[in-house]
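Here's the structure, in structure tokens; my notes come after.
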Amino acid sequence: MSTRLACVVFDSAEPRSVARFWAELLGWEVTVDRPAEVDVAAPDPDGPDVALTFLPGRQAKSAKNRIHLDLASRSLDHQRVQVDRALSLGARRLDIGQGAVPWSVLADPEGNEFCVLEPREHYVDTGAVAAIVVDTRDPLRLAEFWSTASGWPVTHDTARYAGIRSATGQGPWLEFLRTPAVCPDRGRLHLDLIAFPSDDPAEEAARLRAAGAVPVSSVPQTNNPAVVLADPETNEFCLLRTPSD
């Protein structure tokens, strides 16, 4: 039994507006557009990319998000084009104390941090999103938990960060970056998992609790109830049922 990583969820003041920003920046498509949810995904329906979901947010952004996206680039020229395109769509440059680094740190129109990376061989085959990055005090511990949760193996573990990726070798990495001063507020991004159709979501929730997850609550979602849990560093996430269709 296992679950899979379904999407990165943004709490948004204006879901449609920020979803359009990300769709245009990544070259992805809006696949769901309704008042309570806007989804953005890679155009290939069989592609390996994790979708982005934008939901109406309950609170304004007040601190750095624990989760951010790193975008891939093919060359230095492509990196500059990506940054210029992001700025033209409404992003802004951001100083979070990064100093002189080869990547560019930006914020989307609602202030969510993201990076446009310089070309790296490590991310040559990821698609538009190179990595989903999670700030953590203990990279390996969190990588091991999310490996259990997603079914992705731990592929690297260094003093600074650990990473997992689909065994297919496709799609973005999920990376855990050592950050001594992790913000106590999780921020406006979280991850959603989904159970496979053949698996019992209650059993999957129990498996995740045995791996270190902590129950938070259950939230009804239009005949598709989600179980809300938190990982070992209190990052909340949802375990969704597979839609009946």
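Where a number appears in this text, it was derived from the coordinates with a stated rule and is not lab data. No experiment lies behind these values; they were computed from the predicted model shown. Neighbour counts are summed over all protein chains in view; Cβ atoms, including those assigned to glycine, are modelled from backbone coordinates with ideal geometry.
In order along the range 79-91, phi translates into HN-Hα couplings of 4, 5, 4, 4, 5, 4, 5, 4, 5, 5, 8, x, 6 Hz, rounded to whole numbers, per the Karplus curve 6.51 cos²θ - 1.76 cosθ + 1.60 with θ = phi - 60° and x for Gly and Pro.
Counted over the range 1-153 with a bin width of 10 Å, the fraction of Cα pairs per bin, in whole percents, is 10, 38, 39, 13, 0.
Mind checking the dipole of the range 1-67: about its Cα centre, +1 per Lys or Arg Cβ, -1 per Asp or Glu Cβ, Debye to the nearest 20?
For the range 1-67, the charge dipole is close to 480 debye.
Computed from label points 7 Å out along Cα-Cβ, the spacing between E24 and T234 is 3.8 nm.
Here's the picture: a label point sits 7 Å out from the Cα of Q59 along the beta-carbon direction, and within the range 165-187 the residues with their amide nitrogen under 20 Å of it are 181-187. Considering only C183, A131, L142, the residue lying farthest towards the positive end of the dipole of the chain is C183, judged by Cα position with unit charges set on Cβ.
Computing FRET efficiency as 1/(1 + (r/R0)^6) for T158 and I96, where r is the C-beta to C-beta distance and R0 is 22 Å, gives about 0.55. Charge dipole (Cα centre; +1 on Lys/Arg Cβ, -1 on Asp/Glu Cβ; no other charges) of the chain amounts to roughly 620 debye. When Rg and the Kirkwood Rh are both derived from Cα coordinates, the Rg/Rh ratio for the range 108-245 amounts to 0.97.
Run through the DSSP bridge list for the chain and note the antiparallel percent, rounded to the nearest 5. Mind showing how you got there, number by number?
Working: 42 of 61 bridges.
So the antiparallel bridges in the chain amount to around 70 percent.
Positive end of the dipole of the range 1-137 (Cβ unit charges, origin at the Cα centre): among L52, L94, V40, the Cα lying farthest that way belongs to L94.
Structural descriptor for the range 3-240: relative contact order 21 percent, calculated from alpha carbon pairs under 8 angstrom and at least 6 residues apart. Relative to the longest principal axis of the Cα atoms of the chain, the long axis of helix 201-211 makes an angle of roughly 70 degrees. Listed values for the range 104-117 are Karplus-derived 3J(HN,Hα) couplings in whole Hz (6.51 cos²θ - 1.76 cosθ + 1.60, θ = phi - 60°), namely 9, 9, 10, 10, 6, x, 9, x, 6, 5, 7, 10, 9, 7, and x replaces Gly and Pro.
At q = 0.14 Å⁻¹, what log₁₀ I(q)/I(0) does a Debye calculation on the Cα points of the range 64-133 give, no solvent, two decimals? Per q value, in the given order, log10 I(q)/I(0) is -0.38.
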